[in-house]
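Reviewing the structure listed below.
The values are calculated or read from the model by the stated rules, or taken from the named source; none is laboratory data. Nothing here was measured: the structure is a model prediction, and the numbers come from that model. Cβ placement follows ideal geometry from the backbone for every residue including glycine, while neighbour counts extend to all protein chains displayed. When the accessible area is computed, the model is the full protein with side chains, heavy atoms only, and any ligands, DNA or RNA have been set aside. Shrake-Rupley method; radii C 1.70, N 1.55, O 1.52, S 1.80 Å.
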Amino acid sequence: MAAIQLAESKEQIRRCFPVMHQLRPALTAETFVNRIEQQQSEGYRLAFLDHEGSVASVAGFRVMHVLWSGKTLYVDDLVTDEAMRSHGFGAQMIAWLIALAREEGCETFSLDSGTHRHEAHAFYFRQGLRISDFHFRMRL
């Protein structure tokens, strides 16, 4: 089983960029580090799964209280390196996140996923997640 840890140093955050860039291609490496550090000051945490010296999977998440569901672990970002998919790394990351949510006394575990990400949706269903809401937004 590969090791999952939190990216807390600039170097650890930088190591996560190539994988996160697959999910968030508009980000540059510099923008990524700056945004992660800003979000960390707001409670965001960045976890990565290291497999044989390479980052295989990355998850950005936060624990927060939400009026309608109580304390929740919300996953902002979740991606496994395209070259390392179908090896169980994504499932290991989800299991780690759910275990952490339970440890922290969360009542729910949730994430949003773009409507075009059909393969990701199939993966989430296999992990036991179900669609519960629609997410609406407006660009400002």
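Odds and ends about this structure:
- For Lys71, the amide hydrogen comes within under 5 Å of the amide hydrogens of Val66, Glu107, counting only partners 5 or more places away or on other chains and with H modelled in the peptide plane.
- Per-pair calculated FRET efficiency, R0 = 35 Å: Glu42 and Met138 via Cβ, rounded to 0.05: 0.95
- Expressed to the nearest 5 percent, the antiparallel share of DSSP beta bridges inside region 27-140 is 80 percent.
- In the elastic network of the chain, a GNM with C-alpha springs shorter than 10 Å, the most mobile of Ala29, Ala83, Ala91 is Ala83.
- On a per residue basis, region 1-52 carries 59 Å² of accessible surface, using protein heavy atoms and a 1.4 Å probe.
- Near Ala7, the amide H atoms lying under 5 Å from its own belong to Leu46, Ala47, Phe48; only residues 5 or more places off or on other chains count, and H is placed 1.01 Å from N.
- A crude spin-label estimate for the pair Leu6 and Asn34, with each label 7 Å from Cα along the Cβ direction, gives 2.5 nm.
- Label sites at His116 and Ala26, each approximated as a point 7 angstrom past Cα along Cα to Cβ, lie 1.2 nm apart.
- Residue by residue, region 3-10 carries 3J(HN,Hα) couplings of 8, 10, 9, 8, 7, 10, 8, 4 Hz when phi is fed to the Karplus relation 6.51 cos²θ - 1.76 cosθ + 1.60 (θ = phi - 60°); x denotes Gly or Pro.
- Of Lys10, Lys71, the residue with the largest accessible area leads and the full order is Lys10, Lys71 (1.4 Å probe).
- Between Arg14 and Lys71, the distance separating the two model label sites (each 7 Å from Cα on the Cα→Cβ line) works out to 3.6 nm.
- Computed from backbone phi with θ = phi - 60° and the Karplus coefficients 6.51, -1.76 and 1.60, the 3J(HN,Hα) list for region 131-138 is 6, 10, 8, 10, 10, 10, 8, 9 Hz; x is used for glycine and proline.
- When the convex hull of its Cα atoms is viewed from all sides, the chain shows a mean projected area of 9.0 nm².
- Taking the centroid of alpha carbons for each part, region 89-136 and region 1-56 are 18 Å apart.
- Solvent-accessible heavy-atom area per residue, rounded to whole Å², over region 68-126 at 1.4 Å: 57
- Heavy-atom accessible surface of the chain: percent carbon and sulfur, 1.4 Å: 53
- Across all C-alpha atoms in region 1-79, the radius of gyration and Dmax reach 12.9, 41 Å.
- Computed from backbone phi, the HN-Hα couplings of region 41-50 come to 5, 9, x, 5, 10, 10, 10, 9, 9, 9 Hz, rounded to whole numbers (Karplus: 6.51 cos²θ - 1.76 cosθ + 1.60, θ = phi - 60°; Gly and Pro given as x).
- Residue with peak Gaussian network fluctuation, the chain [Cα springs, cutoff 10 Å], from Met64, Met20, Met93: Met64
- Taking Leu49, Leu67, Leu111 as the candidate residues, the one with maximal mean-square fluctuation in a Gaussian network model of the chain, Cα springs under 10 Å, is Leu67.
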